[in-house]
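The values are calculated or read from the model by the stated rules, or taken from the named source; none is laboratory data. Keep in mind the model is a prediction, meaning the values are calculated, not measured. Every residue, glycine among them, receives a Cβ derived from its backbone with ideal geometry; neighbour counts consider all protein chains shown.
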Amino acid sequence: MQYRKFGTTGWTVSAIGFGGMPLSINTSRPSEEDAIKVIHAAFDAGITFWDTADCYCLDAADFGHNERLFGKALAQLPAGKREGVTLVTKCGLTRPEGRWERDASPAYIRNAVESSLKNLRLPALPVEQYHRIDSNTPMEDTYGELMKLQKQGKIVHIGASNHSVAEMTRALATGVKIVSLQNQYSRCHRNPELDGTLEFTRQKGIAFLPWSPIDGMGGAKNLGSKHANVAKIAAAHNVSPQRVALAWLLSTGAHVIPIPGSTKIAHVQDCAAAADLALTPDELALLASEAPQQGPPH
Ligand SMILES: NC(=O)c1ccc[n+]([C@@H]2O[C@H](COP(=O)([O-])OP(=O)(O)OC[C@H]3O[C@@H](n4cnc5c(N)ncnc54)[C@H](OP(=O)(O)O)[C@@H]3O)[C@@H](O)[C@H]2O)c1
């Protein structure tokens with residue numbers, strides 16, 4: 001495993017993270033016992049950067065499911081090892097009857113942080129990210145509340161997710177220190193190269209965390225058949241196309257830390273190995289020669 005600086009936090013994390021969403025959002029999800037085995041397999045493969053969210057669950061009654069899995073998995077690691085893990089969570093989305101809705105009002109955020117602390121079994125959230133902008137709440141109010149909670153010691157670092165350059169600029173004007181931006185970025189969704197967010201974060205020393213980095217829960221399986229050059233390079237290295245896609249993402253900036261999700265130990269191990277896959281300059285040039293495609297809005 002290779003390691004990278006996590007923004008301006010002074011922390012070092014694995015270059016490949018682990019995204020927890022597939023462990024929680026479908027009724028076909030694994031049992032708690034199996035899910036924790038997958039999280040531990042990620043740790044054993046060197047992945048010390050775990051991405052969760054309070055809303056990764058089936059519905060409102062199940063809210064916090066994914067955080068509780070990560071909280072339990074972390075607590076089960078021996079003391080001396082668990083301190084090496086950086087857990088990133090998110091707030092601001094709700095799941096009434098399984099729908100995805102937004103609430104980033106200060107009162108809601110305050111309660112969400114208290115719940116996440118309980119779910120994750122931590123005295124402070126290492127990183128709390130504002131998940132997706134709620135147009136009913138001025139972001140100054142949301143970030144104001146997050147900064148209050150940070151001053152109270154409940155949050156160590158604040159991150160953003162699904163923000164444009166203009167939204168990041170407005171957020172930073174509140175005085176908040178944002179350590180990470182988590183936006184969609186993959187071979188089939190290269191918007192961050194086109195919308196300026198990849199370059200903006202690089203210039204500001206903010207970590208960029210590509211979500212759905214191997215084309216998402218619906219697209220990951222067919223990645224090789226959709227991207228001929230990725231498949232060709234994968235065949236040359238005798239590795240999976242998913243591994244090549246992750247190695248390519250790592251090449252797009254030293255501040256980039258992809259967070260692939262999975263329910264299978266073998267897949268987690270495959271993704272972890274992407275950190276050690278060196279693509280040649282010719283291979284990177286071939287991948288760069290494909291014009292970036294703008295993915296659909298999410
Ligand atoms: N901030 C946001 O708004 C946002 C939105 C979406 C996601 N996220 C975060 O980003 C993480 C990753 O995104 P994602 O889970 O949507 O998409 P993804 O990581 O691009 O793809 C996940 C899918 O890839 C499959 N997979 C994983 N490794 C594989 C491998 N080596 N070979 C073949 N298939 C493989 C998994 O299937 P198996 O289960 O069969 O392994 C899973 O269905 C999420 O888990 C979540 O933490 C954030």
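Selection over the range 165-193 of residues that are hydroxyl-bearing (Ser, Thr, Tyr) and touching a strand residue (DSSP E or B) at 6+ places or on another chain (Cβ under 9 Å) gives a count of 3.
May I ask you to list the residues in the range 202-258 that are of a type outside the set (Phe, Trp, Tyr) and touching a His at 6+ places or on another chain (Cβ under 6 Å)? Hits for the range 202-258 are ARG202, ALA207. Evaluate the following for ALA124: is it closer than 20 Å to VAL179 by Cα, surrounded by fewer than 17 Cβ atoms within 10 Å (Cβ to Cβ) and in contact with a Gly (Cβ under 9 Å, 6 or more places away or on another chain)? In short, yes. Taking the listed residues LYS232, LYS221, LYS226, the one that is among the charged types (D, E, K, R) and within 20 Å of the chain's Cα centre (by Cα) is LYS221, with no other qualifying. Out of SER225, SER262, SER251, SER212, one residue alone is surrounded by fewer than 21 Cβ atoms within 10 Å (Cβ to Cβ), modelled with pLDDT of 95 or more and of a type in the set (Gly, Ala, Ser). It is SER251.
Among the residues of the range 2-19, just one is of a type in the set (A, V, I, L, M) and within 14 Å of the ligand (Cβ to nearest atom), namely ILE16. The single condition among (1) farther than 30 Å from GLU33 by Cα; (2) free of Cβ contacts under 8 Å to residues at least 12 places away in the same chain that LEU287 does not meet is (2). Every condition in (1) within 15 Å of the ligand (Cβ to nearest atom); (2) in a loop (DSSP other than H, G, I, E, B) holds for SER135 except the one numbered (1). How do the helices (runs of 4 or more DSSP H) wholly within the range 158-271 filter down when requiring 3 or more residues that are in contact with a Pro (Cβ under 9 Å, 6 or more places away or on another chain), closer than 30 Å to GLU32 by Cα and within 10 Å of the ligand (Cβ to nearest atom): which remain? Once the helices (runs of 4 or more DSSP H) in the range 158-271 are filtered for at least 3 residues that are in contact with a Pro (Cβ under 9 Å, 6 or more places away or on another chain), closer than 30 Å to GLU32 by Cα and within 10 Å of the ligand (Cβ to nearest atom), what remains is 241-251.
Of everything in the range 150-167 that is surrounded by fewer than 23 Cβ atoms within 10 Å (Cβ to Cβ) and in contact with a helix residue (DSSP H, G or I) (Cβ under 6 Å, 6 or more places away or on another chain), the residue that is farthest from GLU114 (Cα to Cα) is VAL165. Of all residues in the range 20-42, those that are within 12 Å of SER262 (Cβ to Cβ) and more than 9 Å from the ligand (Cβ to nearest atom) have Cβ atoms under 7 Å from Cβ atoms of residues that are assigned to a helix (DSSP H, G or I) and polar (S, T, N, Q), 6 or more apart or on another chain, in ALA41/GLN269.
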